[in-house]
Each structure stands twice: as C-alpha cells, then as structure tokens.
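Values in this text are rule-based calculations from the coordinates and carry no lab data. This is a predicted model, so every value here is computed, not measured. Note that each Cβ is placed from the backbone with ideal geometry, even for glycine, and that neighbours are counted across all protein chains shown.
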Amino acid sequence: MSRTYQYQGFEVEVAIEADFTWKGDHTAKGGVGYVAIVRIRKAGAEVAVFSPLRFGESQGKPFLSEADALMGGYSVARRIVDDLLRS
C-alpha cells in the first residue's frame, strides 16, 4: 500500500512494508508488523529531499496494522517538513 499526500509545498509518499522478522509478543497478529517508508520531495520535483526513511512505533517495534503505519508515517513526515524543511 502506498499513498501520496500534499503538505506545505511538499509531496509526502508513505509506503507500507510488512516486517516478518519482528519477534514481538504473541498479541501481534501472526507476529507480522508493518513499517512506514517515507519519501519527501518538493512538489513537482523528481528527487527526494532525503533518502527513504523507515519508521515504526516507539522502541523500534513495527506498527501492528497497515493503517497505523500509514498514519504514523504521514504524521512523522509532517513533523519533518514543519521542523526541518519549511523556511
């Protein structure tokens, strides 16, 4: 799953990747987690501002659902744009 958002003059692409290597507790569905792959670029530009960034939940754990990973990745991308890229 992949989504592209427009935010403050930037294009934020958030892709979701399954993380089968995670050895979490038994509450996770089938032991599968999800990470968000975030790419940020100026609107209309072909080159990303950063290399793709991978995010999970706190303490290095993956997200438990694709929806959580998608929204978590978008939230982090907005903070990066607000704190580092907007002038």
### Message
Which residue fluctuates most in the GNM of the chain (Cα springs below 10 Å): Glu11, Glu46, Glu57?
### Response
Glu46
### Distance in nm between pseudo-label sites at Met1 and Glu17 (7 Å out along the Cβ direction from Cα)
1.8
### Summary
For region 48-62, in residue order, the Karplus 3J(HN,Hα) values (coefficients 6.51, -1.76, 1.60; θ = phi - 60°; whole Hz; Gly and Pro = x) are 6, 5, 10, 5, x, 10, 10, 10, x, 6, 5, 6, x, 8, x
### Query
Taking amide H positions as placed 1.01 Å from N in the peptide plane, with prolines and chain starts having none, which residues 5 or more places from Phe10, or on another chain, fall under 5 Å of its amide H?
Ala43
### Task
Let me know the charge dipole size of region 2-85 about its Cα centre in debye, to the nearest 20, where only the beta-carbon of Lys, Arg (+1) and Asp, Glu (-1) is charged.
60
## Note on the structure
Out of Leu64, Leu85, Val14 - ranked by how far each Cα lies towards the positive end of the dipole of the chain, with unit charges on the beta-carbon of charged residues - the top one is Leu85
### Helix 66-80 vs. the chain, principal-axis angle (Cα, 0 to 90°, nearest 10)
40
### Message
Taking P(r) over Cα pairs in 5 Å bins from 0, in percent straight from the coordinates, which label in (1) 3, 16, 26, 22, 14, 10, 6, 3, 1; (2) 2, 10, 10, 10, 7, 7, 6, 6, 6, 5, 5, 6, 7, 5, 4, 2, 1; (3) 3, 16, 30, 27, 17, 6, 1, 0 is the correct one?
### Response
(1)
### Query
For Ala48, what is the net charge nearby, where nearby means another residue's Cβ is under 14 Å from its Cβ and Lys, Arg count +1, Asp, Glu -1?
+1
